[in-house]
1. Please state, as a whole number in µm²/s, the translational diffusion coefficient that the Stokes-Einstein equation yields for the range 56-125 at 4 °C and 1.567 mPa s, with Rh defined as the Kirkwood radius across alpha carbon pairs.
2. Might you work out the accessible area of K192 for me, using a 1.4 Å probe with all protein chains in place, and round it to the nearest 10 Å²?
3. First check a/c for the range 314-438, with a ≥ b ≥ c the square roots of the eigenvalues of its C-alpha gyration tensor; if it is under 1.5, answer rounded, and if not, answer prolate when a/b is larger than b/c or oblate otherwise.
4. Can you list the HN-Hα couplings for the range 56-68, worked out from phi with the Karplus curve (6.51, -1.76, 1.60; θ = phi - 60°), rounded to whole Hz and with x for Gly and Pro?
5. Using amide H atoms built in the peptide plane, which far-off residues or other-chain residues are under 5 Å from T279 H to H?
6. Relative contact order (percent) for the chain, with alpha-carbon contacts under 8 angstrom and 6 or more residues of separation?
7. Mind listing the phi-derived Karplus ³J(HN,Hα) values for the range 371-377, rounded to whole Hz, using 6.51, -1.76 and 1.60 with θ = phi - 60°, and x for any glycine or proline?
8. Could you work out what % of the accessible surface of the range 284-524 is carbon and sulfur, using a 1.4 angstrom probe and leaving DNA, RNA and ligands out of the count?
Amino acid sequence: MLYLYLIEALLYVLIIGVVFAIFKIKKVEKLKIVIIILPILMLLTLGITFVLEKPEIKIDENISYEVGKAKSLDKISAKYHFIDVSEKVKIEGNIDFNKVGKYEIKYVVPTLLGNYIKTQIVEIVDTTPPVITLQGNEIEEISYKDEYNEIGFTVSDNSNEDLKDKVVITKEEVNDKEYKLIYTVEDSSRNKATVARTIKLVDKEPPEITLNGSAKLSIELNSKYSEQGAKATDEIDGDLSDKIVITGKVDTTKTGEYAIIYTVKDNSGNQAKKTRTVTVVKKEIVNVNSNTNNNSATNTNNNSTTNQSNNSDNNTGKNSGIIYLTFDDGPSSSITPKILDILKSKGVKATFFILNYSAENEKLVKREINEGHTVAIHGYSHEYKEIYKSVDTYMNNITKLQEKIKKSTGYNATITRFPGGSSNTVSRFNPGIMTKLTKEVLARGYKYFDWNVSSNDAGGAKTSTQVYNNVVNGLKKNRANVVLMHDFSGNTKTVNALSDIIDYGLANGYTFSKITESTPMVTHRVNN
Ligand code: ZN
């Protein structure tokens with residue numbers, strides 16, 4: 001400002017000099033004029049300059065701030081008439097410091113000639129890259145069988161942009177046991193961030209144990225248990241059969257259930273376990289009465305003279321006797337529903353040793369199951385010549401029916417009865433077959449039952465009275481009575497005798513029960 005005054009002063013001197021020269025003014029008067037006019041002129045100038053003076057504001061035309069960091073503009077300094085007026089400067093215009101963009105700001109200073117305005121462009125910029133934070137670990141281990149499922153990540157950015165959906169994940173193979181996931185994101189100001197996660201493919205799958213032989217089997221008391229072993233394979237480590245550890249023992253001198261446990265670990269420490277249940281069973285071998293034997297014509301059993309009249313000797317005191325009613329050779333549409341109706345009305349559960357059944361009769365098998373009876377396997381076929389041809393033909397005859405029952409009802413039948421009984425002699429065309437089969441069915445996890453009371457309804461009994469007498473005379477107190485009856489087509493005499501048989505049993509203190517896997521086996525002596 002000062003130079004302005006100096007220029008003005010020089011200008012005045014020049015003007016006065018010019019005036020003097022033109023008007024040829026005398027020296028004395030010159031002095032007078034100078035003394036009088038010069039101060040007036042100078043005061044005048046001073047006044048004009050004062051009024052015209054602009055404020056001095058120190059700002060840059062363009063300024064930038066990092067988004068989200070600054071909260072207000074920097075302090076500015078302004079001077080007007082040599083006085084600091086920084087505090088009086090008004091700022092017009094708004095800036096969002098959290099949003100990238102260009103903003104125009106006006107600095108306003110009031111002057112003697114109105115407002116003095118200076119503008120500034122303020123740019124809010126983003127030069128800070130976003131930050132990706134991985135959830136989970138930087139190194140994740142997953143099973144070689146699984147696909148990696150993204151655990152998650154968060155993205156933060158100083159611009160408050162939502163960048164989550166803009167993250168691009170790319171896969172980079174390292175080797176066949178490891179790969180990297182690269183997470184990349186760019187904010188709208190083109191700042192880029194990258195993080196990586198390593199995925200390691202490890203073996204988390206246990207090996208697979210396959211038992212040699214049946215997982216559930218029975219052996220006879222005092223026989224020898226021979227360990228059949230197991231195989232183990234692992235998808236990564238291959239054959240691990242040698243590493244199987246077998247624990248558990250079978251005490252064949254005591255009946256009961258024993259668990260043999262097979263464990264194996266693969267090289268990554270994944271363990272597999274499998275159990276074989278071995279049941280040591282005692283067979284109660286019963287004698288077959290000559291009058292009640294299904295195969296009486298061919299049976300040469302010497303012990304067939306059990307005296308039914310001894311019954312009365314036991315008929316005193318409490319009775320712990322159980323009656324297992326069993327019906328063979330069904331289901332039949334004429335007889336089975338009637339038997340089921342009677343059992344239902346008496347609240348008695350029984351056991352049905354069934355044969356192959358028609359689609360029509362499937363509902364009867366379902367009804368037997370639904371009403372709480374045991375559905376047991378007699379065989380797909382009853383043809384002695386066919387089924388006793390070999391161990392395989394017999395076992396197929398069982399499993400074929402077992403699979404059919406399972407498929408149509410979901411029920412797993414494991415109780416069996418040999419057609420003709422285990423004491424049959426009709427199989428002698430194949431010598432020794434019954435000796436083999438009575439062991440084989442146990443080893444395959446089945447149980448078999450013969451009977452110790454026969455209604456003889458497939459033999460000599462012709463009337464319901466005969467059926468009734470055969471049964472009640474065969475019952476003995478304080479023992480398991482397995483009663484043989486039949487629900488094949490047309491067997492009305494058994495239907496007609498059944499109510500009275502049940503009433504007799506209840507009146508004499510017997511308990512009625514169905515055969516289950518835990519029922520002790522009642523079997524005949526093998527004759528072939
Ligand atoms: Zn039969």
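1. Values: Rh = 12.8 Å.
For these conditions, the coefficient is 101 µm²/s.
2. 130 Å²
3. Oblate, since a/c reaches 1.5 and b/c is not below a/b.
4. Values per residue, Gly and Pro as x: 10, 10, 8, 9, 8, 5, 10, 9, 10, 10, 6, 4, x Hz.
5. L217, S218, I219, Y258
6. After rounding, I find 12 percent.
7. Values per residue, Gly and Pro as x: 8, x, 7, 8, 9, 10, 9 Hz.
8. 48 percent
The values are calculated or read from the model by the stated rules, or taken from the named source; none is laboratory data. Small disclaimer: the values here were computed from a predicted structure and weren't measured. Cβ: placed from backbone, ideal geometry, glycine included. Neighbour counts: every protein chain shown. Remember, those area values only see protein heavy atoms, side chains included, never the ligands or the DNA or RNA. Shrake-Rupley method; radii C 1.70, N 1.55, O 1.52, S 1.80 Å.
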